[in-house]
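Every number in this text was worked out from the coordinates using simple rules, so none of it is lab data. Just so it is clear, the structure is predicted and the values come from calculations on it, not from any experiment. When we count neighbours, we look across all protein chains shown, and the Cβ atoms used for this are built from the backbone with ideal geometry, even at glycine.
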Ligand code: C2O
Ligand code: CU
């Protein structure tokens, strides 16, 4: 394999969008940040120098980092932050991932501006893509733009317990596009040659919204998700949830002209915000700009039938060159309820800005995660007491009721830093059960350190007798982030063969901030090659 070296300089840089100029934290002064490109099985050393104002960490989303949780990144889970003026070199170990992943800051809300793509090409000297080699490739990063400082925004919201302000725009490769006010700045342009096929590597780096995405006049084919190939899906639109990545083949086979590429939110819950459609331009070479550029037809924002219809088509490629191994027998089963809740105001000083004068919170199995002030991985590795508890429950409290539509009763979760301990080598099934507590909506659940097979999903309550009968154990998709349907469930499986301390959380950033997180600790195995490697010598110092 090859070893790659990158330098990431974190610093505040002025950016202007929607006629607002603000200093914001960036890597190497770019938004989105630089692309990391490797071949399957390579390694990258990424030296992160923090020249910003606050401590920061970086996470390599979807990279499993076998035996190396030290470089995974979530703040106070696997490391303490890199303080201003300091640096840390991440050792990013690629294993079986192939396709597109991404990297992002994993401290408060800094990922809004600190993120970029990871392109993993097929292994050198191997068989190449499982589809004809495209003429060219391009990354497309969907992101959120806030006119105000994101750190102040989330700090203020958490201080009063209310809902943080929504973003002011969505962007494609950094630009909101022509449909926003005061956006006559640059729009991202994808230049294509008629008759050629392009591989578009799409990243949803948006903070809080699932997105529909389409290209005017063109159908395309989805060929990979979350760094694993899928059976090709010809389609006119996709739904992509925060944290996910999708690889798309687009053939420029229409009348040479200009066409809009567009994305806008999918809001199953009917949440009262929009902010709204981001665009880029698909531009055939050697044509003059038309007076009207056509927009694609996107499903309407509450169209969950279209969202589900696309999602249900995703199946692993599962052929001889890209085999899968789905655990058939489960040795560790955990049922996890996913809820947005409220907490009594006593926990805050001052006004509570949430509904009913409470503060908003969120929970898994009715436990609202409290991020510790020092990191769990070091505490676990060195057996330091009082940082976390190991009693995350294997099932929710009995009083949960998943049925019904909108409950007016908000359950009060317990606040704690509880981790789920798993034996090395266990065949794990996690069932996420969406609840009707709070505002029911989809939750894109993400697990660090693993990809997992999505073996089943449906509306209603998961049922131990009837639900497993509906599972797909032949070609379930292998992903790192999955949208759990509102008032429904999703079952995932994986073999716990990567020891470490692995964060698991909703990838809607406001839910993660409210406590929709936990940590899975997979114990060391019996032999060399099944144990966590030694900590790097330059690990950031904890306060
Ligand atoms: Cu993409 Cu823990 O995150
Ligand atoms: Cu969520």
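Table for the structure above
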| item | result |
| --- | --- |
| Principal axis box of the stretch 165-299, alpha-carbon based, largest edge first, Å | 43, 40, 22 |
| For the stretch 332-522, average projected area of the Cα convex hull in nm² | 11.0 |
| The chain: radius of gyration and largest Cα-Cα distance (Dmax), Å | 22.2, 68 |
| For the stretch 332-522, share of DSSP beta bridges that run antiparallel, in % to the nearest 5 | 70 |
| The chain - mean residue ellipticity at 222 nm from DSSP helices (-39,500 (n - 2.57) per run, n ≥ 4, rounded to 500) | -1500 deg cm²/dmol |
| The chain - percent relative contact order, Cα under 8 Å, separation 6 or more | 15 |
| Nitroxide proxy distance, nm - points 7 Å out along Cα→Cβ at residue 127 and residue 370 | 5.2 |
| DSSP beta bridge pairing in the chain, given as percent antiparallel to the nearest 5 | 70 |
